[in-house]
Amino acid sequence: MADFKPLAPGATIGILGGGQLGRMLSQAASRLGFDVVILDPEENSPAGRVSRGQIVAPYDDPTALSVFGDVCDVVTFEFENVPAASVELLAEAGALVAPGPTGLAVAQDRVDEKTFLNAVGAPTVDFVAVDGLDDLMAGLETLGTPALLKTRRDGYDGKGQVWIRSAKEAAAALASLGGQPAILEARADFTRELSIIAARGRDGTIAVYPLGENRHAGGVLRTTLAPAEISPAIERRAHAIATAVLDGLAYVGVIGIELFDLGDGDLLVNEIAPRVHNTGHWTQDGCVCDQFEQHIRAIAGWPLGPTAAHARIEMTNLLGDEVGQWAGVVAEPDQRLHLYGKSDARPGRKMGHVNTVRPLK
């Protein structure tokens, strides 16, 4: 969009979603002089409390969306389960939305996502669409076991998925997902999970952060180490994948891409997230321009910021009552605490994160 006029400080940025990612986006936007309005059905949301205002309404409320679009100069979203139809409605009404509805719709359906990725040269594991038990049985015959059955939509943090280790488990596995449309994925024989955070500006410029290495427990991300120790060949391949995805979607904003490192120089894409990403939180204390500021720069039409790391970071998620460790964290000179303003510390809920800062080797 070469003819796009960059937004000046004082413009209003709208964020669909009031959780922690919206909160950190709002804080970044405020530093750059923008006003922020949140649309979220939860009153007093974490993002709403640090923003100029919040519209409390369901994401698909047409009246709320109309008002939201009217008061905002650009609209973005903090999580990919915002209804794609709502984003389309905003765009059709003339609101400037970034990323656009295409990236959101692709990421919301795992079959569509993997089909798109393979089409642009970003390979994934083999997969089969599953609409019933017959599809599942045929898929197991094709892909073998073990294989991972996931809902096509809405799963996150290990939810909405089940491993199938023999054909005898197929019917029970499908029933455990409520018989929803699903995808069966071949097992990936990988050595570690990497992720890449990248951004594309309105002029097509692309900026890529150093890769991170991710470690999970119970399907939930626990730590990210960045910059990851990788070969130049892996770095080049990851950059090529990020560029193919961003250009293929004509994307504007920050995207997170999870990668399987097969250990032989090859990478497979696990999934994409059309938003700022948990595995990019390390950039808050490891880079001059973090992923949140980068996203605001991109959607506002500003030049993208630098992505080089100036420190090595170990990002650790604080889950549930681990948030009570805050006093010990702030007493350590090399640890930076980021809390999300959530009051209910349910088990497994992301309440904040800690960035441990060390010299860059």
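Summary of values
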| quantity | calculated |
| --- | --- |
| Electrostatic dipole magnitude of region 1-153 [Cβ: Lys, Arg +1; Asp, Glu -1; Cα centre; debye, to 20] | 640 |
| Cα centroid separation, region 286-317 to region 197-266 (Å) | 13 |
| Theoretical gain in end-to-end length, residue 92 to residue 118 [0.36 nm per residue, Cα-Cα removed] | 6.4 nm |
| For region 12-97: relative contact order, % (alpha-carbon pairs under 8 angstrom, 6 or more apart) | 33 |
| Residues residue 67 and residue 166, FRET efficiency given R0 of 45 Å [Cβ-Cβ distance, rounded to 0.05] | 0.25 |
| Per-residue Cβ neighbour rank within 10 angstrom, fewest leading, 141, 271 | 141, 271 |
| Shape call, the chain: gyration tensor on alpha carbons, a/c limit 1.5 | rounded |
| Residue (of 66, 41, 14) at the positive-pole extreme of region 12-97, dipole from beta-carbon charges | 14 |
| Helix-only CD estimate at 222 nm, as mean residue ellipticity for the chain, using -39500 (n - 2.57) per DSSP H run (n ≥ 4) | -8000 deg cm²/dmol |
| Relative contact order of region 126-186, defined on C-alpha pairs under 8 angstrom at six or more residues apart (%) | 50 |
| Mean separation of Cα contacts under 8 Å, 6 or more apart, over the residue count of the chain: relative contact order % | 15 |
| Neighbour-count ranking [beta-carbon atoms within 10 angstrom, fewest first] of 260, 68 | 260, 68 |
| Beta bridges by DSSP in the chain, antiparallel share as percent, to the nearest 5 | 80 |
| Gap separating the Cα centres of region 66-111 and region 1-52, nearest whole Å | 14 |
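Every number in this text was worked out from the coordinates using simple rules, so none of it is lab data. Bear in mind that the values here come from a model prediction, so they are computed numbers and not experimental data. Don't worry about glycine lacking a Cβ; one is built from the backbone with ideal geometry, like all the others, and counts go over all protein chains shown.
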